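**Q** Before I ask anything, let me first share the structure, which is written out below as structure tokens.
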Amino acid sequence: MQPQERAMLAFRLTHVCKHYDNGHQALKDINLDIEAGSFVVILGPSGAGKSTLLRSLNGLESIQGGEILFDGVQVVPRNLRHVRSGVAMVFQQFNLVGRLSVMTNVLTGRLARRSWLGSLLHLFRRDDVELATRLLARVGLTERAWQRADKLSGGQQQRVGIARALAQQPKVILADEPVASLDPLATEEVMAMLAAINREDGITVILNLHQVDLAKRFADRVIGVNAGSIVFDGPPAQLDRNALAHIYQREGDAHAQPVPALLAYA
Ligand code: ADP
């Protein structure tokens with residue numbers, strides 16, 4: 001890859017295939033370039049392979065065929081430290097350590113960038129604490145800094161998850177259904193926060209969603225996955241009823257039928 005191309009691309013996937021130990025083929029020949037700085041939403045029915053695709057980007061799932069490049073570097077076990085320091089993750093269930101303070105949870109985002117010994121001893125430097133303090137202010141949780149994380153509401157916990165991701169100072173944030181456990185107000189807050197991070201910090205955001213309306217409002221690119229293959233790739237304006245029918249087509253359907261419940265979004 002040329003240096004210029006490398007700077008413009010967050011990920012390049014070529015002929016990526018993944019099957020689980022039970023033989024299930026979760027990803028089938030995925031080819032994809034994801035531009036640095038983009039806001040990408042992955043849509044698709046449950047079981048389509050969205051989570052597998054997202055998790056393979058930072059090596060949480062290994063692939064059996066093809067190649068994934070992050071920042072021009074192959075996502076393989078020997079490069080995982082580099083990949084994981086540049087790619088942060090936000091989870092549906094937040095994955096905080098509930099008995100630790102909000103501040104400590106945010107600080108754990110620094111561990112990917114610290115020495116092995118420092119990480120082991122949970123030694124945080126003064127500049128790490130200053131960064132975490134700024135990030136907690138950014139996500140509106142200054143007053144909660146020293147509370148146990150499990151005392152916070154779901155929306156607040158997800159904001160801690162976002163602050164922890166930012167503490168990593170990543171180039172990319174991957175978010176696996178980050179609003180699936182949240183109420184509508186918290187959903188809006190979290191989506192607006194991810195959009196602001198993308199816009200203001202230039203961090204590439206790639207997320208899996210179930211809500212077509214949110215994809216339409218926030219994404220600059222939508223990737224539709226069905227049965228392990230990419231069946232749609234375009235701007236949200238192209239997400240019409242045919243595209244939605246195609247993305248949400250069920251296995252065994254002879255033809256993509258407009259799905260009545262989805263027509264409101266087309
Ligand atoms: P989605 O995120 O779109 O719901 P997933 O990526 O979680 O889909 O799963 C894709 C397919 O792979 C599904 O059929 C799922 O049952 C299967 N799958 C996921 N994880 C495993 C696993 N650890 N072992 C076997 N099959 C799995």
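The values are calculated or read from the model by the stated rules, or taken from the named source; none is laboratory data. Just so it is clear, the model here is predicted, and its values are computed rather than measured. Backbone-built Cβ (ideal geometry, glycine too); neighbour counts: all protein chains shown. Areas reflect the complete protein model, heavy atoms only, side chains present, ligands, DNA and RNA absent. Shrake-Rupley method; radii C 1.70, N 1.55, O 1.52, S 1.80 Å.
**Q** Looking at region 155-167, can you tell me whether even one residue there is part of a loop (DSSP other than H, G, I, E, B) and either open to solvent by 10 Å² or more (accessible area, probe 1.4 Å) or not polar (S, T, N, Q) (or both)?
**A** no
**Q** Any chance region 92-113 includes a residue that's crowded, with 17+ Cβ neighbours inside 10 Å, touching a helix residue (DSSP H, G or I) at 6+ places or on another chain (Cβ under 8 Å), farther than 18 Å from LEU166 by Cβ and hydrophobic (A, V, I, L, M, F, W, C)?
**A** The answer is no; no qualifying residue exists.
**Q** Restricting the search to region 74-91, which residues are open to solvent by 40 Å² or more (accessible area, probe 1.4 Å) and either within 24 Å of LEU209 (Cα to Cα) or touching a residue at least 60 places away in the same chain (Cβ under 8 Å) (or both)?
**A** Of everything in region 74-91, those that are open to solvent by 40 Å² or more (accessible area, probe 1.4 Å) and either within 24 Å of LEU209 (Cα to Cα) or touching a residue at least 60 places away in the same chain (Cβ under 8 Å) (or both) turn out to be ARG84, PHE91.
**Q** Give me the residue from region 178-193 that is assigned to a helix (DSSP H, G or I) and either closer than 19 Å to LEU96 by Cβ or hydroxyl-bearing (Ser, Thr, Tyr) (or both) and, out of that set, most open to solvent (accessible area, probe 1.4 Å).
**A** Pass one, region 178-193, residues assigned to a helix (DSSP H, G or I): 184-193.
Then drop every residue that is not either closer than 19 Å to LEU96 by Cβ or hydroxyl-bearing (Ser, Thr, Tyr) (or both), which leaves 186-187, 189-190, 193.
On the way: ALA186: 10, THR187: 14, GLU189: 75, VAL190: 1, MET193: 37 Å².
Filtering first and then ranking leaves GLU189.
**Q** Search region 9-26 for residues being open to solvent by 20 Å² or more (accessible area, probe 1.4 Å) and within 15 Å of the ligand (Cβ to nearest atom), and hand back the single one that is nearest to LYS171 (Cα to Cα).
**A** That would be CYS17.
**Q** Go through region 27-77 and give me each residue that's more than 14 Å from LEU13 (Cβ to Cβ), within 16 Å of the ligand (Cβ to nearest atom) and part of a strand (DSSP E or B).
**A** Correct list: VAL41, LEU43.
**Q** Separate question: Would you confirm whether or not region 87-106 contains a residue that is small (Gly, Ala, Ser) and within 15 Å of the ligand (Cβ to nearest atom)?
**A** Within region 87-106 (the criterion being small (Gly, Ala, Ser) and within 15 Å of the ligand (Cβ to nearest atom)), the answer is no, since none of the residues qualifies.
**Q** Out of ALA149, ALA132, ALA175, ALA196, which single residue is open to solvent by less than 10 Å² (accessible area, probe 1.4 Å), closer than 30 Å to VAL225 by Cβ and small (Gly, Ala, Ser)? If you could, list the steps in order and put the result at the bottom.
**A** On the way: ALA149 fails: closer than 30 Å to VAL225 by Cβ; ALA132 fails: closer than 30 Å to VAL225 by Cβ; ALA196 fails: open to solvent by less than 10 Å² (accessible area, probe 1.4 Å).
Step by step, each of ALA149, ALA132, ALA175, ALA196 is checked, and only ALA175 is open to solvent by less than 10 Å² (accessible area, probe 1.4 Å), closer than 30 Å to VAL225 by Cβ and small (Gly, Ala, Ser).
Here is a yes/no grid of residues against (1) more than 16 Å from the ligand (Cβ to nearest atom); (2) of a type in the set (Phe, Trp, Tyr); (3) closer than 27 Å to ALA237 by Cβ:
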position	(1), (2), (3)
SER153	yes, no, no
GLN157	yes, no, no
ALA163	yes, no, no
PRO184	yes, no, yes
ASN198	yes, no, yes
LEU209	no, no, yes
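**Q** Pairs only if they're at least six apart or on different chains, beta carbon under 9 angstrom, first in region 213-238 and open to solvent by 50 Å² or more (accessible area, probe 1.4 Å), second assigned to a helix (DSSP H, G or I) and modelled with pLDDT under 95; list them, first residue then second.
**A** ASP213/ALA264; ASP213/TYR265; LYS216/TYR265
**Q** Next question. Hey, any hits in region 56-73 for a residue that's polar (S, T, N, Q) and more than 19 Å from the chain's Cα centre (by Cα)?
**A** Yes, the conditions are met somewhere in region 56-73.
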